[in-house]
Amino acid sequence: MIAFSPYLYYKSPSLWERFFAVHPDILHLWLKKQKYQDTKYDTFWCYLENDRSLIRAAAKLFIHRNTLVYHLKRIHELVEYNPEDTYTLDYMKISMRVLNMLEREKMIGGGKKQESDAARLLQRLRSENWYLEP
């Protein structure tokens, strides 16, 4: 497995190489978001960005605190690794930042080449059956 480093993100010629620096659980949530417009990835991202504060994350998401607790419980059931572990939590945050950067590059007009790279990346994931799991 390729370890995350700023060199890998900024100097790597391939989106594919950047992609494999991502935590497997985060990758799973992100792929579900891409295929099914699932909100678990965005919910988890908001929760982590608000330093795991239920009140602040619920306010940002415009949902009740107990609804957020329910969503987080469902997310914890999906992930294999323990998000309460400090190392795992940091790895998940970095992975989400990488995926968000890749999405931003695709959407904010990093040029036709980056858009086509991102499209090829998603096509490659589909062709290698990354979308089989619901």
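Entry remark, segment 51-78: residues being over 17 Å from residue 29 (Cβ atoms) and either modelled with pLDDT under 95 or not aliphatic (A, V, I, L, M) (or both) number 9 in total. Looking across segment 65-96, the residues that are closer than 15 Å to residue 52 by Cα and not in a helix (DSSP H, G or I) come down to 82, 83, 84, 85.
Here is a yes/no grid of residues against (1) touching a strand residue (DSSP E or B) at 6+ places or on another chain (Cβ under 8 Å); (2) under 22 Å from residue 98 (Cβ atoms); (3) not polar (S, T, N, Q):
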residue	(1), (2), (3)
39	no, yes, no
43	no, yes, no
53	no, no, no
65	no, no, yes
69	no, no, yes
81	no, yes, yes
86	no, yes, no
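If I ask for residues that are in contact with a helix residue (DSSP H, G or I) (Cβ under 6 Å, 6 or more places away or on another chain) and either of a type in the set (A, V, I, L, M) or over 20 Å from residue 22 (Cβ atoms) (or both), which ones from segment 65-94 would you list? Correct list: 65, 68, 71, 75, 79, 92. Among the residues of segment 120-129, none qualifies, meaning not one is of a type in the set (Asp, Glu), more than 17 Å from the chain's Cα centre (by Cα), in a helix (DSSP H, G or I) and modelled with pLDDT under 70. Do we have residue 38 as outside any helix (DSSP H, G or I) and out of contact with any Pro (no Cβ under 6 Å at 6 or more places or on another chain) here? The answer is yes for residue 38.
Residues that are without any contact (Cβ under 8 Å) to a residue 12 or more places away in the chain and surrounded by 11 or more Cβ atoms within 10 Å (Cβ to Cβ) were ranked within segment 84-95; the one that is farthest from the chain's Cα centre (by Cα) is 85. For residue 81, are the conditions met, namely being among the hydroxyl-bearing types (Ser, Thr, Tyr) and at pLDDT below 90? No: the conditions fail for residue 81.
The values are calculated or read from the model by the stated rules, or taken from the named source; none is laboratory data. All values reported here derive from a predicted model rather than from experimental measurement. Here Cβ is always computed from backbone atoms with ideal geometry, including for glycine, and neighbour counts include all displayed protein chains.
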